[in-house]
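Report on the following structure.
The values are calculated or read from the model by the stated rules, or taken from the named source; none is laboratory data. From a predicted model like this one, the values you see are computed outputs, not experimental measurements. Cβ sites come from the backbone with ideal geometry, for glycine too, and all protein chains shown count toward neighbours.
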Amino acid sequence: MKKIKQSIIVLLIFLFSFSLVGFKRIYSQQITASPSAQEEEKIDQLKEKIASKVAEIQNENNFGVSGYIDNIKDNLISINNDLGETYHIKTDEVITKYYQVINNRRQEIEPNEIQKGDFIVATGIIDGNQIEANNIYKDENFLIQTGQVIEINKDEYWIKINTLEKEAVILDIETYTKKFLLSIQDYRLESVGFSKIKEGDSVIFAIKKTNNKQINRASAIKMIIIPQEFFLK
Amino acid sequence: MKKESLVAVIFGLLFGSLFYLVLINTNFFKREQKNLNEQLINKNIPLSLSPFKKIEDTIQTLTIDQPKNHLVVNKNSITIKGKAPKKSLIIIQSPSSEKIFENQKESFEVEFPLSYGANQIVVFSYLKGIQTPLLKKLTIYSLENKL
């Protein structure tokens with residue numbers, strides 16, 4: 001009887017031990033199973049964040065170059081910008097696409113439609129003053145300057161301006177020239193006629209720039225007239 | 001008072017006045033003012049309360065923090081952020097658009113429309129009473145995918 005009791009006790013101890021081991025295994029499997037699903041979700045979220053951050057950095061670091069074509073030879077275009085800097089644009093017959101900017105949109109053109117003297121914008125991989133162009137856009141360049149009106153010719157509709165760079169520029173005021181007068185009370189712009197321009201006023205003007213040469217006379221695209229009274233406040 | 005003492009006092013006053021005049025004509029006091037103001041700044045004491053108020057205690061320059069020049073974007077507007085003198089008149093001009101406002105604080109932020117292609121943008125800052133503006137030029141390329 002005693003032996004049977006001892007055997008039952010030993011058997012119970014064994015059973016209890018095995019059940020503990022089994023329980024521990026099951027429990028650890030459960031712990032490892034649920035985090036992997038959560039981890040996968042976290043990994044996916046992290047991938048999305050990294051992808052959007054890379055896209056954001058790419059957008060912030062996407063630059064172009066622009067200038068007037070100085071030379072075209074085989075697959076190399078040299079351009080000069082307004083600051084006198086030169087860029088060398090490498091083109092590829094297959095990769096490089098050519099466009100012209102017309103009416104606020106682009107229109108695909110042939111490579112032979114860009115010529116010396118044209119103003120172009122090139123985008124692609126930039127390395128110093130070299131660029132491997134993916135896209136080339138033929139566009140227009142403009143110059144925006146300011147100065148003081150020193151002479152007005154009411155018969156021929158031009159004004160002479162002394163610019164900040166101390167250069168005298170004659171602006172032809174055309175029928176298409178947009179002329180605005182700045183209100184010194186509320187800083188609103190009012191569309192005005194040629195007669196509102198006075199000697200001594202300051203003018204901010206925009207003109208088309210077809211080359212890198214200094215401009216002495218041009219037709220104004222638009223101008224903002226700041227009355228000299230503004231500076232007497 | 002004895003004669004000798006009186007003479008000594010008079011000479012002392014004369015030399016002292018001469019020394020003061022020499023200092024006035026050098027930058028000594030200006031350096032002292034600058035040092036004092038720097039000490040006040042370090043102690044976070046407003047300069048307006050200092051006995052030596054700096055004449056130029058606001059920024060008198062124009063800087064553009066954003067966007068970087070020659071940036072290519074694929075949208076039809078850009079946020080221009082920068083710093084300019086407080087209460088200056090800011091005029092942002094491009095061939096196709098303009099924005100005009102008074103700079104209430106020293107920093108400004110404005111959304112500016114872009115045309116497709118190259119956009120030459122000039123930011124002017126006019127200080128009161130001064131006809132020569134501060135200016136910064138930008139070229140931003142808006143090359144949204146349009147056919």
Checklist entry - Somewhere in region A:40-53, is a residue in contact (Cβ under 8 Å) with a residue 12 or more places away in the chain and either among the hydrophobic types (A, V, I, L, M, F, W, C) or touching a Leu at 6+ places or on another chain (Cβ under 8 Å) (or both)? => result no
Item to check | The lone exception for B:F101 - which of (1) surrounded by 11 or more Cβ atoms within 10 Å (Cβ to Cβ); (2) at pLDDT below 85 it fails | outcome: (2)
Next on the checklist: Filter region B:103-125 down to the residues that are hydroxyl-bearing (S, T, Y) and more than 20 Å from B:D65 (Cβ to Cβ) and list them by number.
Outcome noted: B:S115, B:Y116
Next on the checklist: Quick check on region B:123-147: of everything there that is facing chain A (nearest Cβ under 7 Å) and buried (at least 21 other Cβ atoms within 10 Å of the Cβ), which residue is farthest from A:K166 (Cα to Cα)?
Outcome noted: B:L143
Checklist entry - For residues in region A:140-186 being touching a residue at least 60 places away in the same chain (Cβ under 8 Å) and not aliphatic (A, V, I, L, M), which is surrounded by the most Cβ atoms within 10 Å (Cβ to Cβ)? => result A:N141
Item to check | Among the residues listed as B:I45, B:I130, B:I41, the single one being part of a loop (DSSP other than H, G, I, E, B) and modelled with pLDDT under 80 | outcome: B:I45
Item to check | Subset of region A:105-134 (residues that are away from every other protein chain (no Cβ under 11 Å) and without any contact (Cβ under 8 Å) to a residue 24 or more places away in the chain) | outcome: A:E110, A:P111, A:N112, A:I125, A:D127, A:G128
Checklist outcome for this item: Of the residues in region B:101-118 that are facing another protein chain (nearest Cβ under 9 Å) and touching a residue at least 24 places away in the same chain (Cβ under 8 Å), the one that is nearest to the chain's Cα centre (by Cα) is B:S115
Checklist outcome for this item: Of (1) facing chain B (nearest Cβ under 8 Å); (2) over 29 Å from B:Y141 (Cβ atoms), A:I152 satisfies every one except (1)
Checklist outcome for this item: Over region B:82-100, the set of residues in a strand (DSSP E or B), within 12 Å of chain A (Cβ to nearest Cβ) and more than 26 Å from A:D118 (Cα to Cα) is B:L89, B:I90, B:I91, B:I92, B:E98, B:K99, B:I100
Item to check | Residue check for A:Y137: free of Cβ contacts under 8 Å to residues at least 40 places away in the same chain, facing another protein chain (nearest Cβ under 10 Å) and assigned to a loop (DSSP other than H, G, I, E, B) | outcome: no
Checklist entry - Is there a residue being touching a helix residue (DSSP H, G or I) at 6+ places or on another chain (Cβ under 8 Å) and within 14 Å of B:Y116 (Cα to Cα) anywhere in region A:89-99? => result no
Item to check | Those residues of region A:187-216 which are free of Cβ contacts under 8 Å to residues at least 40 places away in the same chain and either aromatic (F, W, Y) or within 14 Å of chain B (Cβ to nearest Cβ) (or both), in sequence order | outcome: A:Y187, A:R188, A:L189, A:E190, A:S191
Next on the checklist: Test of understanding: among A:F142, A:F119, which residue is touching a Pro at 6+ places or on another chain (Cβ under 6 Å) and closer than 22 Å to A:K209 by Cβ?
Outcome noted: A:F142
Checklist entry - Given the structure, is A:Q214 assigned to a loop (DSSP other than H, G, I, E, B) and under 30 Å from the mean Cα position of the chain (by Cα)? => result yes
Item to check | Which numbered condition A:Y176 fails, given (1) within 14 Å of chain B (Cβ to nearest Cβ); (2) outside any loop (DSSP other than H, G, I, E, B) | outcome: (2)
Checklist outcome for this item: When A:A122 is run through (1) in a loop (DSSP other than H, G, I, E, B); (2) crowded, with 18+ Cβ neighbours inside 10 Å, the failure sits at (1)
